[in-house]
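I have placed the structure first, in the form of structure tokens, so that the comments after it can refer back to it.
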Amino acid sequence: MDFILLIISAILVNNIVLAQFLGVCPFLGVSNKVSTAIGMSGAVTFVMVLATMVTYLIYTYVLIPLGIGFMQTIAYILVIASLVQMVEIILKKISQPLYQALGIFLPLITTNCAVLGVAILVIKKDYNLVEGIVYGAATAIGFGLALVILAGIREQLELVDVPSGMKGAPIALVTAGILALAFMGFAGLV
Amino acid sequence: MAKIQSSLKNMVLSLTLISVGASAALGFVYEMTKGPIELTALNKKLDAIKQVVPEFTNNPNDDMFMLPTGEGDSLEVYPARSGEEVVGYAVKSYTNNGFSGYISFMVGFLPDGTIYNISVLEHKETPGLGTKMVPEGTPEKPEFKDQFKGKHPADFPLKVRKDGGPVDAITAATISSRAFCEGVQRAYNTFEKGGLK
Amino acid sequence: MNQVQNFTKGFIKENPILVMVLGACPTLATTSSMINGLGMGLATTFVLLGSNTVVSLMKNLIPDKVRIPAFIVVIATFVTIVDLVMNAYVPSLYESLGIFIPLIVVNCIVLGRAEAFASKNTVWSSVVDGAGMGLGFTTALGVLGAIREILGSGAIGGFKFISGDGILVFILAPGAFIALGYMIAIVKKINKA
């Protein structure tokens with residue numbers, strides 16, 4: 001597997017938000033300001049890589065040997081939830097600045113379907129551990145890219161006279177649609 | 001009944017209770033659905049095989065064997081027999097070069113290597129463009145994959161016109177068409193090298 | 001609030017996706033046709049009904065501090081049941097919905113209703129609330145799916161009424177975002193009036 005291809009594909013061609021529709025909730029929720037968008041992206045990258053790693057190990061060394069692959073969903077969501085809690089506690093103890101930058105976003109990540117989605121996709125696509133981690137990291141960067149771009153556009157939109165009915169979620173969605181259109185131009189790149 | 005307190009004992013007890021209940025329910029549903037799930041997967045495979053080879057009387061799934069592609073992996077081959085006579089082989093092939101990556105096919109060959117029919121199993125191609133590789137046409141209104149029927153890859157190079165071959169690509173979906181050819185070629189190479197001809 | 005209001009609030013007034021914008025991922029991803037949208041909606045409705053019922057039955061047995069993990073386990077159980085049953089009996093729909101079936105577990109609507117409604121109300125109200133919210137979600141997905149199918153492939157429920165292609169972009173990702181954006185704007189207008 002060519003890692004460069006894997007990375008480009010995960011960031012641009014199959015962008016997690018704009019092409020695969022995972023993580024749309026935080027994509028719309030925290031894209032008001034570029035600074036929060038960057039904080040969120042950082043937290044997601046951190047958790048996504050960790051979660052992919054841990055869930056992969058649990059799937060391969062616990063669920064499969066026990067023959068309970070069907071418990072995947074329930075095991076993953078519990079792992080991710082406790083992982084997020086742990087990361088929050090550890091960050092608080094060891095790095096106050098990092099905690100202040102990422103801390104408030106961490107609880108939101110448990111219900112970010114991109115994290116669970118990537119964990120499931122890694123198994124579905126038959127990646128090995130290293131490929132899985134690279135895929136997780138690249139996907140998270142793709143998420144961050146889309147989020148920061150949308151936040152940049154929405155900051156500009158603040159100054160524009162949007163029709164009252166379109167304010168908030170509708171205009172954000174339409175903007176995201178146009179952004180998705182632009183990202184479709186990357187298809188066929190790999 | 002009053003709400004119970006958040007003491008450690010209660011917390012552990014209630015979570016354990018819920019987990020045990022959940023596991024029991026899931027184990028039960030899993031046992032119940034295991035049979036039907038395997039059956040649907042098998043039927044899907046058999047349907048695809050039926051589509052791509054002439055009528056057969058054996059169960060190709062029981063006779064399945066693997067053949068190396070020569071690229072470091074192996075493909076599944078399903079022989080179709082009518083009585084004792086082999087009437088065709090269904091080769092499960094793939095390509096990673098579709099517009100959206102992975103596509104898998106069931107390619108059916110007659111014993112002499114002529115393509116009988118092709119069926120797309122999985123794909124993520126663009127709706128309305130790349131997806132046109134899936135449907136089966138009629139003699140009056142042939143679809144993309146019909147042009148492969150009855151052709152022998154030895155004298156019908158599996159290449160689109162842009163690459164100098166005889167295959168008419170799907171309009172606006174050259175990459176998908178190219179990937180399709182590549183997947184069929186992989187099936188044929190494997191078939192030929194396996195000495196089945 | 002009587003039960004009729006409790007049931008109907010999920011359709012327009014408090015529609016989970018169109019008003020509260022919860023559960024946007026499956027909404028966008030699975031509405032490339034009406035059938036897929038309805039299938040996703042019904043799968044979510046089943047999970048909502050199940051989790052709302054169980055959570056409200058057990059609300060007194062779950063200590064407050066561990067309520068969220070407890071809810072998640074209950075929800076994940078129902079999601080896995082749906083996943084297995086759909087895989088066994090409706091394989092083609094299961095395949096087209098793909099990864100979004102297990103992802104119902106992180107659909108904010110389900111956890112949201114368990115936390116905000118079922119853990120505070122009687123079983124019967126919770127069932128009605130789950131049904132209303134679920135069917136409201138299903139209706140929204142069905143309508144969005146129908147719009148995208150009509151515009152995108154010139155068909156409805158799989159039956160083509162024009163020859164050739166529709167406006168392809170509506171079946172693709174960008175069309176999903178844009179169509180949902182306009183639908184939310186329209187419902188906003190209706191609710192204001």
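Does B:V86 meet the test of being of a type in the set (A, V, I, L, M, F, W, C) and either within 25 Å of B:V134 (Cβ to Cβ) or touching a residue at least 40 places away in the same chain (Cβ under 8 Å) (or both)?
Values: of a type in the set (A, V, I, L, M, F, W, C): yes; either within 25 Å of B:V134 (Cβ to Cβ) or touching a residue at least 40 places away in the same chain (Cβ under 8 Å) (or both): no.
For B:V86, the condition - of a type in the set (A, V, I, L, M, F, W, C) and either within 25 Å of B:V134 (Cβ to Cβ) or touching a residue at least 40 places away in the same chain (Cβ under 8 Å) (or both) - is not met.
Can you tell me how many residues in segment A:102-138 are part of a helix (DSSP H, G or I) and within 13 Å of another protein chain (Cβ to nearest Cβ)? Outline the logic, then answer.
In the first step, residues of segment A:102-138 are kept if they are part of a helix (DSSP H, G or I); the result is A:102-109, A:113-124, A:129-138.
Now restrict to residues that are within 13 Å of another protein chain (Cβ to nearest Cβ): A:107-109, A:113-124, A:135.
The total comes to 16.
Please list, ordered by residue number, the helices (runs of 4 or more DSSP H) wholly in segment C:6-103 having 2 or more residues that are touching a residue at least 60 places away in the same chain (Cβ under 8 Å) and in contact with a helix residue (DSSP H, G or I) (Cβ under 7 Å, 6 or more places away or on another chain).
Qualifying helices (runs of 4 or more DSSP H): C:24-30, C:34-57, C:91-97.
For segment C:119-134, which positions are surrounded by fewer than 21 Cβ atoms within 10 Å (Cβ to Cβ) and either in contact with a Gly (Cβ under 9 Å, 6 or more places away or on another chain) or outside any helix (DSSP H, G or I) (or both)?
Matches in segment C:119-134: C:S119, C:K120, C:N121, C:T122, C:A131.
For segment A:24-37, how many residues meet the condition of being more than 7 Å from chain C (Cβ to nearest Cβ) and buried (at least 23 other Cβ atoms within 10 Å of the Cβ)?
4
Taking the options B:G108, B:G130, B:G83, B:G98, name whichever one is at positive phi and not charged (D, E, K, R).
Selected residue: B:G83, the only one of B:G108, B:G130, B:G83, B:G98 that is at positive phi and not charged (D, E, K, R).
So in segment A:154-181, with the set limited to residues that are more than 13 Å from chain C (Cβ to nearest Cβ) and assigned to a loop (DSSP other than H, G, I, E, B), which one is surrounded by the most Cβ atoms within 10 Å (Cβ to Cβ)?
The qualifying residue surrounded by the most Cβ atoms within 10 Å (Cβ to Cβ) is A:E158.
Tell me which residues, restricted to segment A:131-156, are in contact (Cβ under 8 Å) with a residue 60 or more places away in the chain and either in contact with a Cys (Cβ under 9 Å, 6 or more places away or on another chain) or aliphatic (A, V, I, L, M) (or both).
A:I133, A:V134, A:A137, A:A138, A:A140, A:I141, A:L145, A:A146, A:L147, A:V148, A:L150, A:A151
If you scan segment C:171-193, which residues turn out to be surrounded by 22 or more Cβ atoms within 10 Å (Cβ to Cβ) and more than 10 Å from chain A (Cβ to nearest Cβ)?
C:I171
For segment B:121-170, which positions are closer than 23 Å to C:F170 by Cα, part of a loop (DSSP other than H, G, I, E, B) and touching a residue at least 24 places away in the same chain (Cβ under 8 Å)?
Hits for segment B:121-170 are B:H123, B:K124, B:E125, B:T126, B:L129, B:I170.
So, A:T55, is that one crowded, with 16+ Cβ neighbours inside 10 Å and not in a helix (DSSP H, G or I) or not?
Taking the combined requirement at face value, the residue does not satisfy it.
Give the number of residues within segment A:66-101 that are closer than 18 Å to A:I38 by Cβ, of a type in the set (S, T, Y) and assigned to a helix (DSSP H, G or I).
1
Rule-based calculations on the coordinates, nothing more; no lab input. This one's a predicted model, so the numbers in the text were calculated from it and none came from an experiment. Using ideal geometry, Cβ is built from the backbone for each residue, glycine included, and neighbour counts are taken over all protein chains shown.
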